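Read through the structure below, which is laid out as structure tokens, and then see the notes.
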Amino acid sequence: MIDVYTLGEALGVVSSGRVRHENEARLDVCGPEFTLAIGLARLGHRPAYLGKVGDDELGARVLSVLRGEGVDVADMRVMDGARTGLMLRESRVGREPLLTHYRTGSAGSRLSPGNVPIDRIGAAQTLHVSGITAALGRDALEAVRAAVSAARTAEVMISFAVDYRPELWASVREAEDVLAELACDSHLLFVHQDELDLVKPALTPEREVVVNRGPKGASVRADRMRYDAPGPQVPVVDTGGADEAFVAGYLSAALEGLTPPERLHRGTLLSAAAMTSASDWQGLPTRGEL
């Protein structure tokens, strides 16, 4: 049995200060669904991850980490002659990190509908998808749609994180059309405060909507009730991975049948753990540490 099936692009990440001045950098691997899958596995759940990596050292590292963390990678594909994408993350004082992507034509961006295992998704408890994967290209978007269609047919719960990244879309209108479509197909919606206008049609009373309000915390509307949780008060090392960690914690609690306030609380705990680590995922807690 698969608890949560997810799909996306895992890529290498090089973190440093300003590149023009730094002599040292940190190499890791990351990705929103990658982090989510590891967060769930560390809490004892059974996640499965679908993606493509190149036949290079970064691709080998992605697979090594996922296998080592207990994530089901039976559907992963290694593309001969292709490269695993790379992201450069430069820290800046008093500002969000500057992200530069080197992923055009990457193996991960070539995910296609033919790679989606309909039967495996139909056997899962939950499917989780994100707006980042939907923005990687036409084939990747159709892969997300195929996964959502398979989940709907099998009556599998669909979780969707909007994750709007302007640089990945041709226009705001295109992003709005796609993100609203996927949000309306979901049962559980994760959205940032400033993304609400992009998914207005999905903000209906019957849908469980979790709103990330940044430093102010998070809220959820479920069963026509609203619940709030304060933001984590921890020393921040790096905010990378915090959003995905929050979703992992929330889904973990939902799988266990916990109440909406308890789901928010667990999401906040995992988000705090991610922010106190230089890595998106290495600081995430095990069940014993939770």
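Here, each number is a calculation from the coordinates, and none is a lab measurement. Predicted, not measured: the structure shown is a model, and the values here were computed from it. Note: ideal-geometry Cβ built from the backbone for every residue, glycine included; neighbour counts use all protein chains shown.
Where the Cα atoms of the stretch 1-74 are projected onto their three principal axes, how long is each span, largest first, in whole Å?
Principal axes ranked by extent give 49, 27, 18 Å for the Cα atoms.
Take every DSSP beta bridge whose two residues both sit in the chain, then give the antiparallel share in percent to the nearest 5.
On the way: 20 of 50 bridges.
If I count the DSSP bridges inside the chain, around 40 percent turn out antiparallel.
Sorting SER64, SER271 on the 10 Å Cβ count, fewest up front, what's the list? Please list the in-between numbers first.
Numbers: SER64 11, SER271 28.
Placing the least packed residue first, the sequence is SER64, SER271.
Determine which residues of the stretch 99-125 fall in the zone a paramagnetic label at THR153 would reach in this model, i.e. backbone nitrogen under 15 Å from the point 7 Å along Cα→Cβ.
113-124
With a ≥ b ≥ c taken as the square roots of the eigenvalues of the C-alpha gyration tensor of the stretch 64-164, please select rounded if a/c is under 1.5 and otherwise prolate if a/b is larger than b/c or oblate if it is not?
Numbers: a/c = 1.79, a/b = 1.53, b/c = 1.17.
The shape class here is prolate.
Mind checking which of ALA229, GLY241, LEU11 is farthest towards the positive end of the chain's charge dipole, using Cβ charges of +1 (Lys, Arg) and -1 (Asp, Glu) about the Cα centre?
ALA229
Can you work out the Karplus-derived ³J(HN,Hα) for every residue in the stretch 24-31? Use 6.51 cos²θ - 1.76 cosθ + 1.60 with θ = phi - 60°, whole Hz, and x for glycine or proline.
Listing the rounded values in order: 10, 8, 10, 9, 8, 10, 7, x Hz.
Step through the residues of the stretch 115-130 one at a time and calculate ³J(HN,Hα) from phi using the Karplus curve (6.51 cos²θ - 1.76 cosθ + 1.60, θ = phi - 60°), rounding each to whole Hz and writing x for Gly and Pro.
With the stated coefficients, the stretch 115-130 comes to 7, 7, x, 4, 5, 5, 5, x, 8, 7, 7, 9, 10, 10, 10, 9 Hz.
Is the chain rounded, prolate or oblate when judged by the Cα gyration tensor, a ≥ b ≥ c being the square roots of its eigenvalues, rounded requiring a/c under 1.5 and prolate requiring a/b larger than b/c? Please list the in-between numbers first.
Working: a/c = 1.32, a/b = 1.11, b/c = 1.19.
Rounded.
Could you give the length gained on full extension between ARG207 and GLU96, defined as 0.36 nm per residue of separation minus the Cα-Cα distance, in nm? All intermediate terms of the calculation are to be shown ahead of the outcome.
Working: separation 111, 0.36 × 111 = 39.96 nm, distance 3.13 nm.
Stretched fully, the ARG207-GLU96 segment lengthens by 36.8 nm.
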